[in-house]
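Here's the structure we're looking at; comments come further down.
The values are calculated or read from the model by the stated rules, or taken from the named source; none is laboratory data. Since we're looking at a predicted model, the values are computed, not measured. When we count neighbours, we look across all protein chains shown, and the Cβ atoms used for this are built from the backbone with ideal geometry, even at glycine. When the accessible area is computed, the model is the full protein with side chains, heavy atoms only, and any ligands, DNA or RNA have been set aside. Shrake-Rupley method; radii C 1.70, N 1.55, O 1.52, S 1.80 Å.
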Amino acid sequence: DISLQKIGQKVDTEKVLDILKANGGSLNFTYKSDAENIKDVFAMSKKAFKATLTKLIDDKKLRLEEDKICLI
């Protein structure tokens, strides 16, 4: 198979942070959110979204609560 995209998982932390800032610092999304909702809001796959959340949590820029994500 041929792909025009770079192989590997792209983590777009700035996009997620910008969307959170534009929405008051929190959104009702978690690792379990619906893939279509993630694609509609963040324009990325669920796999890429989960990788991005993990990176932001590890970098202490984001807090994951039971039903939402929040900026720190």
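List of remarks:
- Among residues of segment 43-72 that are closer than 14 Å to LYS32 by Cβ and outside any strand (DSSP E or B), those with a beta-carbon under 7 Å from a residue that is open to solvent by less than 70 Å² (accessible area, probe 1.4 Å) and of a type in the set (A, V, I, L, M) at least six positions away or on a different chain give the pairs LYS46/ALA35; LYS46/ILE38; PHE49/ILE38; LEU53/LEU62; LEU53/LEU64; LEU53/ILE69; LYS68/LEU27.
- Test: residue in segment 23-39 that is open to solvent by 60 Å² or more (accessible area, probe 1.4 Å), at pLDDT 95 or above, in a helix (DSSP H, G or I) and among the small types (Gly, Ala, Ser): no
- Count of residues meeting criterion [touching a helix residue (DSSP H, G or I) at 6+ places or on another chain (Cβ under 7 Å) and not β-branched (Val, Ile, Thr)] in segment 46-72: 8
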